[in-house]
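Okay, structure first, notes after.
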Amino acid sequence: MDVQQLLTGIRSGFGFLTTVPVNSDEKGFEAFMGNIYLFIIVGALIGAILGVVGIILLWLLPHALVPVLVLACIYLLTGINHIDGLSDFGDGIVASGTAEKKIAAMKDAHAGAGGILFIGMDLLFLYATISLFAGFGGLYLPIGLLIAETCAKVCIATVAAFGASLHQGMGSMLIERTRKEHYLAGLAIAIVICVGAMGLLAFQPFMWRKALMLPLAGFLAVALSVALGLLIVDAATKNFGGVNGDVMGAANEIGRIASMLALGALLWTFL
């Protein structure tokens, strides 16, 4: 892939993964879907944008208002497709009966108890982790958001790399185009981003003594996202017989929250 194709794929990916209107064509979309590592790059760009927003809000507003506004900005920028997938995934997981009945529950247009529970827990945990990072002050919130969005896309990429397609659709399109070498390249990119971002925190007050532990925490966030992606593939295979776009949407939400929870807990112990 040359530089022009790379930039075209990133632009198309930004339009695909956000609500920002982007002028894209079929070639750009194919470049994005055919190179899974671009998901990680676009995720990092989304996280960087949210991080800048977080810094501005921390400067301008009382800290108590920042978490809910950052949470709102996340879904204003990325849309609700992923959290809708989490809702459908939740309905399918909690439904009883055969795989066919679970798939029917997942495809039902109305949110059931499982979907409402999954969305509620998602928003509660996201609010809590954003509050935690905002309370740390300094660069903690923007770096947390950068890593969270990167790891969210690592979780999606893991599902695409190791999952079997449930039916034809956007999910199967990504699965068919995902190559293991591209997935490994994406993991390498994610590790560089997350380890490097956590390394920056060594310049924060009282953190220089943890300079060696911070990059390791960034690596662990990526590893956790991979492990969760594999667990989601296993759960989807056992319950539905494969994965689809809803499962990938759920992976995005779960990967985001898990990485922020893990990093938040580690930073709390460091501080």
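Here, each number is a calculation from the coordinates, and none is a lab measurement. Since the structure is predicted, the reported quantities are computational estimates derived from the model, not experimental observations. For neighbour counting, all protein chains shown are included, and Cβ atoms are generated from backbone atoms with ideal geometry for every residue, glycine included.
What does the highest-first list of 60-72, 147-159, 251-263, 226-238 look like by mean Cβ count within 10 Å?
With the highest mean Cβ count within 10 Å placed first, the list reads 147-159, 251-263, 226-238, 60-72.
Counting each DSSP H run of 4 or more residues in the chain as -39500 (n - 2.57), what helix-only mean residue ellipticity at 222 nm follows after dividing by all residues, to the nearest 500 deg cm²/dmol? Write down the numbers at each step before the final one.
Numbers: 12 runs with 213 residues, N = 271.
It comes out at -26500 deg cm²/dmol, rounded to the nearest 500.
Seen from all sides and averaged, what is the projected area of the convex hull of the Cα atoms in region 71-111, in nm²?
For region 71-111, the mean projected area of the Cα convex hull comes to 3.1 nm².
Modelled label-to-label distance, ILE55 and SER96, 7 Å Cα→beta-carbon offset: nm?
Each label point is offset 7 Å from its Cα along the Cβ direction, giving 5.3 nm.
Taking the 0 to 90 degree range and rounding to the nearest ten, how far is the long axis of helix 245-270 tilted relative to the main principal axis of the chain, both from C-alpha atoms?
Helix 245-270 sits roughly 20 degrees off the main axis of the chain.
Taking the Cα atoms only, what angle lies between the long axis of helix 113-136 and the longest principal axis of the chain, rounded to 10 degrees?
20 degrees
Against the longest alpha carbon principal axis of the chain, how many degrees, from 0 to 90 and to the nearest 10, is the axis of helix 180-200 turned?
The two axes meet at around 20 degrees.
Over region 1-135, what is the relative contact order in whole percent, taking alpha-carbon pairs under 8 Å and six or more residues apart? Could you put the intermediate results ahead of the total?
Working: 121 pairs, mean separation 28.4, N = 135.
Dividing the mean separation by the residue count of region 1-135 yields 21 percent.
For the chain, how many pairs of lysine residues have a Cα-Cα distance under 24 Å, where the two are 8 or more positions apart or belong to different chains?
Lysine pair count for the chain: 9.
Could I have the simple spin-label model distance between ALA64 and PHE270, label points 7 Å from Cα toward Cβ, reported in nm to one decimal?
2.9 nm
Could you list TYR127, TYR183 in order of exposure, starting from the residue whose Cβ has the fewest other Cβ atoms within 10 Å?
Listing TYR127, TYR183 from fewest to most nearby Cβ atoms yields TYR127, TYR183.
Stokes-Einstein diffusion coefficient for region 154-264 at 37 °C in a medium of 0.692 mPa s, Rh from the Kirkwood formula over Cα pairs: what value in µm²/s? Could you put the intermediate results ahead of the total?
Numbers: Rh = 14.7 Å.
For these conditions, the coefficient is 223 µm²/s.
Taking amide H positions as placed 1.01 Å from N in the peptide plane, with prolines and chain starts having none, which residues 5 or more places from SER165, or on another chain, fall under 5 Å of its amide H?
So SER165 has HN proximity to VAL243.
Taking 0.36 nm per residue of sequence separation and subtracting the Cα-Cα distance, how much length would be gained by fully extending the chain between LEU123 and MET170, in nm to one decimal?
This chain segment gains 14.4 nm when fully extended.
Relative contact order, percent, of the chain when contacts are C-alpha pairs under 8 Å separated by at least 6 residues? The partial results should precede the final answer.
Working: 436 pairs, mean separation 69.3, N = 271.
Computed over the chain, the figure is 26 percent.
Could you check which residue among LEU38, LEU145, LEU117 shows the biggest mean-square fluctuation in a GNM of the chain with a 10 Å Cα cutoff?
Checking each option, the largest mean-square fluctuation is seen for LEU117.
Could you derive backbone 3J(HN,Hα) for region 91-100 from the dihedral phi with the Karplus parameters 6.51, -1.76 and 1.60 (θ = phi - 60°), listing whole Hz in sequence and x where the residue is Gly or Pro?
Listing the rounded values in order: 4, x, 5, 7, 5, 9, x, 6, 4, 4 Hz.
Residues in region 54-78, backbone N under 12 Å from the label point at VAL20 (7 Å along the Cα-to-beta-carbon vector): list them, ranges by number please.
Label zone hits: 77-78.
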